[in-house]
1. Can you tell me which residue in the stretch A:25-78 is farthest from A:Leu123 (Cα to Cα), limited to those that are out of contact with any Phe, Trp or Tyr (no Cβ under 8 Å at 6 or more places or on another chain) and among the acidic types (Asp, Glu)?
2. Is it the case that B:Glu61 is within 22 Å of B:Glu276 (Cβ to Cβ) and acidic (Asp, Glu)?
3. For the stretch A:262-279, what are the residues that are more than 24 Å from A:Leu223 (Cα to Cα) and either under 18 Å from the mean Cα position of the chain (by Cα) or in contact (Cβ under 8 Å) with a residue 40 or more places away in the chain (or both)?
4. Being buried (at least 17 other Cβ atoms within 10 Å of the Cβ), within 14 Å of chain A (Cβ to nearest Cβ) and hydroxyl-bearing (Ser, Thr, Tyr), is that true of even one residue in the stretch B:67-74?
5. When only residues in the stretch A:190-246 that are closer than 25 Å to A:Thr171 by Cα and of a type in the set (Asp, Glu) count, which is modelled with the lowest pLDDT?
6. So is A:Asp88 within 14 Å of another protein chain (Cβ to nearest Cβ) and modelled with pLDDT under 95 or not?
7. Tell me which residues, restricted to the stretch A:157-169, are facing chain B (nearest Cβ under 8 Å) and either surrounded by 19 or more Cβ atoms within 10 Å (Cβ to Cβ) or within 17 Å of the chain's Cα centre (by Cα) (or both).
8. Filter the stretch B:75-85 down to residues that are in contact (Cβ under 8 Å) with a residue 24 or more places away in the chain and within 11 Å of chain A (Cβ to nearest Cβ) and give me whichever is surrounded by the most Cβ atoms within 10 Å (Cβ to Cβ).
2 protein chains.
Amino acid sequence: MKSSWQREIETVNEALDSYLPPATTFPPEIHQAVRYSIFAGGKRLRPLLNLATAAVFDVPERHALPTACALEMIHTYSLIHDDLPALDNDDFRRGRPANHKVFGEALAILAGDALLTLAFEILATETAAFFPAQTVVALQQEVSKAAGMAGMIGGQVVDVLSEGKPLKAETLEYIHRHKTGALITCCVRCGAIMGQATKEELCLLTSFAQKIGLAFQIVDDILDVVGDEKCLGKKTGSDVSKKKMTYPALYGVQQSQVMADKLLAEAFTAVEYFGERASKLKQLANLLVKRQQ
Amino acid sequence: MKSSWQREIETVNEALDSYLPPATTFPPEIHQAVRYSIFAGGKRLRPLLNLATAAVFDVPERHALPTACALEMIHTYSLIHDDLPALDNDDFRRGRPANHKVFGEALAILAGDALLTLAFEILATETAAFFPAQTVVALQQEVSKAAGMAGMIGGQVVDVLSEGKPLKAETLEYIHRHKTGALITCCVRCGAIMGQATKEELCLLTSFAQKIGLAFQIVDDILDVVGDEKCLGKKTGSDVSKKKMTYPALYGVQQSQVMADKLLAEAFTAVEYFGERASKLKQLANLLVKRQQ
C-alpha cells in the first residue's frame with residue numbers, strides 16, 4: 001500500500017506536523033505524547049479515504065487536508081484511549097510501546113483528550129479557511145456524531161462490555177459498524193460534503209463506505225488469526241486470548257474472507273455511478289481489503 | 001446561590017436533559033454514566049456565566065442555552081477524567097462517589113470522551129439552529145481552543161506533573177489560568193460572541209472573566225482549607241494531603257482572600273462600561289467569590 005500512496009501519505013504527515021504545536025511548546029510532555037502516537041506509523045487510511053472522496057468532486061487536495069488530518073487525530077485519540085489498562089490493556093501498538101507505556105496513564109488520557117479537542121479546532125480554523133461556514137458546520141455535525149455515543153464511542157462501550165461473554169453475530173456487527181465503521185464512513189461522507197455532493201451521491205458514497213468499513217474490520221480480524229506479527233506490528237492471536245468477538249471466531253477464517261470479498265464487490269457497485277472519478281477510491285478500497293497488514 | 005438563580009439552574013438542567021439521549025438508549029451503560037455526572041448537583045456556574053453574558057446583549061435565553069449546556073458538558077467531562085485514579089484519584093465528587101467508582105474506569109474514560117464529543121455536536125446542531133453558521137464556527141474555535149492543550153488540558157497536564165513538587169507562584173498561576181480559567185473565560189466570551197459583541201466589548205468581558213476565573217479558583221483553594229465538608233460535598237484538606245499547589249499554601253488564607261477580593265473589584269471595573277446591562281453578570285461574580293461552597 002505504501003508505495004502507491006506514498007506521496008499522499010507524506011502530504012498527510014506534513015500537514016499533521018504543521019497542525020500540531022511543536023514538541024517544545026509548553027507543557028512539552030503533552031505535545032511529545034500527542035506526537036508520539038500521531039507519528040507512530042499509522043496507515044493513514046482515514047485521511048486517504050477522505051482525500052480520495054474529495055477528489056471525486058475535484059476538491060483541491062490542500063483544501064481537504066485539514067479535515068483529513070482532523071479525522072486522523074480522532075482515530076489516534078481512540079487508539080490511545082483504547083489501549084489503556086482500563087480498556088483493552090494493550091502494551092503495544094504498531095510495533096511500539098503504547099502511549100501509556102511511554103508517558104504514563106495520566107498523560108495518555110490527556111493526550112487522547114487533546115487530540116479529540118484539536119480535531120474540532122482544526123475543523124473550525126484550518127478547514128474554515130477553505131470552505132463556507134455552513135460546510136464547516138455540516139462537517140462538525142458529521143464528525144461529532146460519528147465519533148460520539150451513537151457512533152465510535154457506542155461501539156467501544158459495547159466492545160468493552162462484551163469481553164469474555166459468548167459471541168453473538170448481531171453484537172459483533174454492532175461493534176464493528178460503530179467502533180470502526182462509523183469513523184470510516186464519516187471520512188467518506190466528509191469528503192463528499194466538502195465536494196458539495198448531492199443527496200443521491202452522498203447516499204451512494206455512504207453505502208460504499210459502510211461496506212468497505214465492515215470489510216476492513218473483517219480483514220483486521222482475519223489478520224489477527226493468520227497474520228505475520230512482524231508485518232502487523234502487534235501480537236497476533238491477541239483477540240483470541242482476550243476472548244474478543246471476531247468474525248473468524250464466529251464464522252471461521254474462510255467464510256470471513258468470502259464475506260469481506262462480497263462486501264468489497266458491493267462497495268464497487270455502489271460507486272459505479274461515478275465512473276472514472278471513483279477510480280482512486282476503488283483502488284484504495286481494494287488495497288484495504290486485500291492488505292496483508 | 002441556589003435561591004437567586006434557581007430558575008436559571010432549572011432551565012439549564014432541563015435543557016441538559018433534553019440534549020442527552022435518554023438513559024435507556026443503547027448501550028445504556030454509557031448514557032447512565034454520562035447522566036450520573038451531569039446531574040450530580042453541579043453549581044452550573046459556567047452555563048450561568050454564559051447566559052448572563054449573552055443577556056448583556058439581549059440574546060434570548062433559549063438561543064444561548066445550547067452553548068451554555070455544551071460548556072457544562074466540557075466542564076463535566078474534565079471532572080470525570082480529573083477524578084480518575086491515574087490523575088487526581090478522587091473517590092468523591094460533589095458528595096457522591098466519583099464516576100469511575102460507580103461505573104468503572106473504562107466507562108468513566110468513555111463517558112468523558114462522550115461528553116466532550118457531545119459538546120461539539122450540540123454546538124453544530126442545537127446552537128446552529130439559532131445562529132448564523134459563521135457565529136457557530138467562531139464558537140467552535142473559542143471552545144476548542146479553551147478546552148485544548150493551550151487551555152484547560154495544558155493546565156491539567158501541568159497540575160498532574162507538578163504534584164509533590166515545591167510550589168512556585170508562576171506555576172500555580174499557570175495551572176489556575178488554564179485548568180479552570182480558560183473555560184470560565186470561554187463561557188463569557190461565547191456569550192459575547194453570540195451577542196455579536198464589538199472587539200472592545202469582547203476585550204472588556206475577557207478581562208472581567210479572567211479576573212473572576214482566578215478569584216473563583218483562589219476561593220476554591222481557600223474553601224479546601226477552611227470549608228465545611230458537608231457544604232462542599234468533598235473532603236476538605238484534600239489538596240494539602242496531596243501536596244497540591246494552592247494559593248493558601250503559597251500566600252496563606254488571609255492574603256489569598258485579599259487577592260480574591262481585589263480581583264473581584266477589578267472585574268467589576270472592567271464591565272462598568274456596560275452599566276445596568278452587566279448587573280446580572282456582576283451579581284453572579286459576587287456570589288462566586290463570596291460563596292461558602
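The values are calculated or read from the model by the stated rules, or taken from the named source; none is laboratory data. As the structure is a prediction and not an experimental result, all values here were calculated from the model. Quick reminder, even Gly has a Cβ in these numbers, built from the backbone with ideal geometry, and neighbours come from all protein chains shown.
1. A:Asp58
2. Working: within 22 Å of B:Glu276 (Cβ to Cβ): yes; acidic (Asp, Glu): yes.
So B:Glu61 fits the description; yes.
3. Within the stretch A:262-279, the first condition is being more than 24 Å from A:Leu223 (Cα to Cα), and the residues that meet it are A:269-279.
Correct list: A:Ala270, A:Val271, A:Tyr273, A:Phe274, A:Arg277, A:Ala278.
4. Checking the stretch B:67-74: at least one residue is buried (at least 17 other Cβ atoms within 10 Å of the Cβ), within 14 Å of chain A (Cβ to nearest Cβ) and hydroxyl-bearing (Ser, Thr, Tyr).
5. Ranking the candidates gives A:Asp239 first.
6. Numbers: within 14 Å of another protein chain (Cβ to nearest Cβ): yes; modelled with pLDDT under 95: yes.
Criteria met by A:Asp88.
7. Pass one, the stretch A:157-169, residues facing chain B (nearest Cβ under 8 Å): A:157-158, A:160-161.
Those that are facing chain B (nearest Cβ under 8 Å) and either surrounded by 19 or more Cβ atoms within 10 Å (Cβ to Cβ) or within 17 Å of the chain's Cα centre (by Cα) (or both): A:Val157, A:Val158, A:Val160.
8. Here is the first cut: in the stretch B:75-85, the residues in contact (Cβ under 8 Å) with a residue 24 or more places away in the chain are B:75-84.
Pick out the ones that are also within 11 Å of chain A (Cβ to nearest Cβ) and you get B:77-78, B:80-82, B:84.
Details: B:Tyr77: 26, B:Ser78: 22, B:Ile80: 30, B:His81: 27, B:Asp82: 20, B:Leu84: 22.
By that ranking, first place goes to B:Ile80.
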